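Quick notes on the structure that follows.
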Amino acid sequence: MIDARTIFSIATRAIKANKMRSILTSLGIIIGVAAVIVMLSVGHGAQTSIQNEMKTMGSNLIIIRSGVATSSGARSGHGSKPTMKKSDGDAIQEKIEAIKLAAPVLEETTQIVYGNANWSTGVTGTDRRMFEIKEWNLSYGRMFSSTDIRSAAKVAILGQTVVNELFGDVDPLGKTIRIKGIPFQVIGVLIPRGQSGNGMDQDDVVYIPITTAQKKVMGISFPDQVKMIMLQAIDSQSTYTAQEEIRELLRQRHNLGVNKEDDFVIRNLTQMMEMMESSTKVMTILLGSIASISLLVGGIGIMNIMLVSVTERTREIGIRMAIGAKAWDIRWQFLTESLVLSLIGGLVGVVIGLLGSYLVGVFSSLPTKVSLLYVLLPFSFSGMVGLFFGFYPAYKASLLNPINALRYE
Amino acid sequence: MSLIELKHITKSYPLEDTQLKILKGINLNIEKGDFVAIMGPSGSGKSTLMNILGCLDKPTSGTYVLDGQRVENLSADELADIRNRKIGFVFQGFNLLSRTSALENVELPMVYANVPAAQREERAKKALTKVGLRERMYHMPNQLSGGQQQRVAIARAVVNEAPIIFADEPTGNLDTKMSVEIMNLFTKLNEDLGRTIILVTHEDDIAHYAKRIIRIVDGEIHSDEKNEK
């Protein structure tokens with residue numbers, strides 16, 4: 001066997017001798033690798049944004065909303081007939097072991113005013129548990145105290161966007177804002193979270209104590225009413241297993257007879273997210289495989305050109321054999337050639353693919369994310385394509401009879 | 001023991017229902033240091049004999065001992081190895097690799113003999129100097145005249161210290177003046193370096209450079225005599 005360096009220089013010489021042809025041959029691989037990288041980065045980006053959303057929303061979530069109101073046969077949407085109470089959540093948290101936290105939510109979109117500035121945003125009445133579930137801390141100021149909740153204090157915690165819109169450069173702490181004309185003192189500002197996966201500004205929020213919302217800001221039809229209850233289970237498995245327990249407890253608390261429908265809806269967000277995640281995973285695999293087909297076609301292009309090259313260089317092969325080249329010397333020569341062609345194509349494809357996924361990320365709404373694995377995978381695949389499709393031409397070259405090969409014109 | 005011993009060598013090709021006999025039992029001994037010309041009309045089988053002698057082809061029957069080793073039943077790779085170590089070829093059409101410098105062409109046999117790169121270059125330069133191409137080592141074949149190309153081929157044939165040189169119509173593509181130069185080079189290789197040379201030609205004046213002339217007619221040795229210069 002002749003040494004690798006010599007074989008490499010023989011191969012690169014042949015590639016350089018036919019520059020245009022080599023470029024065109026590699027083009028198939030270039031496009032294939034670039035396409036795989038772009039597709040995988042789009043799929044991976046979608047997956048990552050879902051995962052991020054799960055993280056900011058809080059993990060292992062279950063949401064309970066009021067059920068469906070039926071009036072003379074016309075069914076309104078979820079929550080059209082309010083039935084849920086804050087105490088329902090407290091009972092669930094207390095009695096069902098799988099549930100760690102139960103945060104009440106009573107929300108309304110309304111205008112808030114500070115001085116001359118005003119801004120329309122979602123005002124949410126809740127308590128501390130909400131921030132624990134979302135793992136969301138204050139960047140400065142203080143959290144709602146038990147006294148705030150008990151006394152229905154007129155205090156508010158703001159998201160960064162609201163701070164920017166109302167206060168600009170002014171320090172909001174201790175200032176008074178008006179929500180529906182009622183003065184609230186700003187006690188804290190949340191750490192900015194940016195956009196959520198579906199493009200919503202998560203910092204465009206105002207939080208007030210649940211009791212204040214119930215008693216002073218939002219109209220409720222019975223005492224202790226909430227719009228929904230956000231539950232956090234101890235782990236992802238429990239979000240499935242706890243559902244039945246919650247249902248029984250709520251039916252009992254709402255005094256629902258055997259023949260009565262549930263007046264609430266339990267929604268397992270973890271389950272939804274997991275489904276979305278697995279469907280994007282399938283999408284990633286699908287996109288990647290479609291792109292791999294072009295890589296395969298590129299490989300066939302290499303095989304085609306290598307076959308032509310072997311025929312063209314029959315005489316060269318004859319000379320090498322007459323002078324002492326063994327079958328494997330010839331095979332390695334042509335294998336190295338196709339390997340170098342495909343790896344160069346792979347390398348250029350990686351560069352174009354990275355550039356492409358960057359551009360897709362910038363100019364389209366699809367989030368893209370490049371990972372090392374998704375770059376190395378198509379690159380090494382291009383190498384394997386080169387070896388696989390280079391083998392047959394190389395093998396064919398090595399089978400030539402030196403006498404006939406030398407006579408070839 | 002002779003360098004080359006052929007016993008009852010035959011070669012036939014299947015042709016429809018019968019066998020076409022190209023060589024019909026060749027017995028031939030060639031000693032070390034000899035300079036043999038093989039002559040014969042086209043179709044006489046001299047090229048076939050040359051291919052068998054050069055280990056490019058296998059005989060249908062008979063035995064071939066080359067430098068003390070039976071070679072008639074060796075595998076393709078083993079024959080490649082014999083060609084590499086024992087035989088240097090010079091062809092009518094030069095058969096140099098195009099787009100490859102004279103120096104690299106001469107290095108080629110050593111590439112397949114696994115000689116380290118530095119040593120390859122040194123020995124190739126020496127061989128090219130010996131054939132008078134010191135100044136043209138980095139020229140490509142298409143930048144060299146026919147005679148110069150043939151000298152590169154001769155340098156390539158001797159660089160691996162192969163004891164035998166096979167020359168198949170080496171002057172066939174050259175004019176008279178260049179032919180004389182090339183034949184003088186062969187004579188020098190034979191006399192000064194003791195290389196055994198086997199020359200195939202159909203020209204009498206070229207054959208007369210040899211010490212011994214073998215004539216093949218119809219697949220058999222017709223005559224085998226010393227050449228009186």
Normalise the Cα radius of gyration of chain B by 2.2 N^0.38 Å (N = residues in it) and let me know the number. 1.01
At the level of C-alpha centres, the distance separating the range B:144-198 and the range A:362-394, in angstrom, is 52 Å
What translational diffusion coefficient, in µm²/s and rounded to a whole number, does the Stokes-Einstein relation yield for chain A at 4 °C and a viscosity of 1.567 mPa s, taking the hydrodynamic radius as the Kirkwood radius over Cα pairs? 49 µm²/s
Computed over the range A:312-385, the distribution of all Cα-Cα distances in 5 Å bins, rounded to whole %, is 3, 14, 16, 15, 11, 10, 8, 7, 6, 5, 3, 2, 0
Leaving out same-chain residues fewer than 8 places away, which aspartates and glutamates sit with a Cα under 12 Å from that of A:Lys260? none
Which aspartates and glutamates have a Cα less than 15 Å from the Cα of B:Lys32, not counting those fewer than 8 places away in the same chain? B:Glu5, B:Asp67, B:Glu161, B:Glu191, B:Asp192
Residue by residue, what Karplus-based ³J(HN,Hα) values in Hz, rounded to whole numbers, does the range A:59-67 have, using 6.51, -1.76 and 1.60 with θ = phi - 60° and x for Gly and Pro? 9, 6, 8, 10, 10, 10, 10, 5, x
Given Cβ point charges of +1 (Lys, Arg) and -1 (Asp, Glu) and nothing else, what value in debye, to the nearest 20, does the dipole of the range A:182-232 about its Cα centre take? 180 debye
Given the -39500 (n - 2.57) contribution per DSSP H run of 4+ residues, what per-residue ellipticity at 222 nm results for chain B, rounded to the nearest 500 deg cm²/dmol? -10500 deg cm²/dmol
Kindly provide the pair-distance distribution of the range A:117-171 built from C-alpha pairs, with 10 Å bins from 0 and whole-percent values in order of increasing distance. 18, 51, 29, 1
Rg(Cα) / (2.2 N^0.38 Å) computed for the range A:82-262, rounded to two decimals: 1.10
Could you tell me which residue out of A:Leu335, A:Gly346, A:Gly324 lies farthest along the dipole of the range A:305-358 toward its positive end? Charges go on the beta carbon: Lys and Arg +1, Asp and Glu -1, centred on the Cα centre. A:Gly324
Taking a cut-off of 24 Å between Cα atoms, list the lysines near A:Lys396, but don't count ones fewer than 8 places away on the same chain. A:Lys16, A:Lys19, A:Lys326, B:Lys58
In the structure displayed, which of B:Lys46/B:Lys125; B:Lys125/B:Lys188; A:Lys134/A:Lys216; B:Lys86/B:Lys188 lie more than 28 Å apart, Cα to Cα? B:Lys46/B:Lys125
I'd like the per residue volume of the convex hull spanned by the Cα atoms of the range B:124-191, given in cubic angstrom. 87 Å³
Taking the Cα centre of the protein assembly as shown as origin, work out the dipole magnitude from +1 charges on Lys and Arg Cβ and -1 charges on Asp and Glu Cβ, in debye rounded to 20. 940 debye
Which whole-number percent is the relative contact order of the range A:188-303 (Cα, under 8 Å, 6+ apart)? 12 percent
So for chain A, taking the charge dipole from beta-carbon charges (+1 Lys/Arg, -1 Asp/Glu), which of A:Gln195, A:Val282, A:Met272 sits furthest toward the positive end? A:Val282
FRET efficiency, A:Tyr408 to A:Ser279 (Cβ-Cβ, R0 45 Å, nearest 0.05): 0.20
In terms of the ratio Rg/(2.2 N^0.38 Å) built on C-alpha atoms, what value belongs to the range A:312-355? 1.65
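Each value in this text was obtained by applying a stated rule to the coordinates, not by laboratory testing. The structure displayed is predicted, hence computed values, not measured ones. Heads up, the Cβs are rebuilt from the backbone with ideal geometry, glycines too, and the neighbour counts pull from every protein chain shown.
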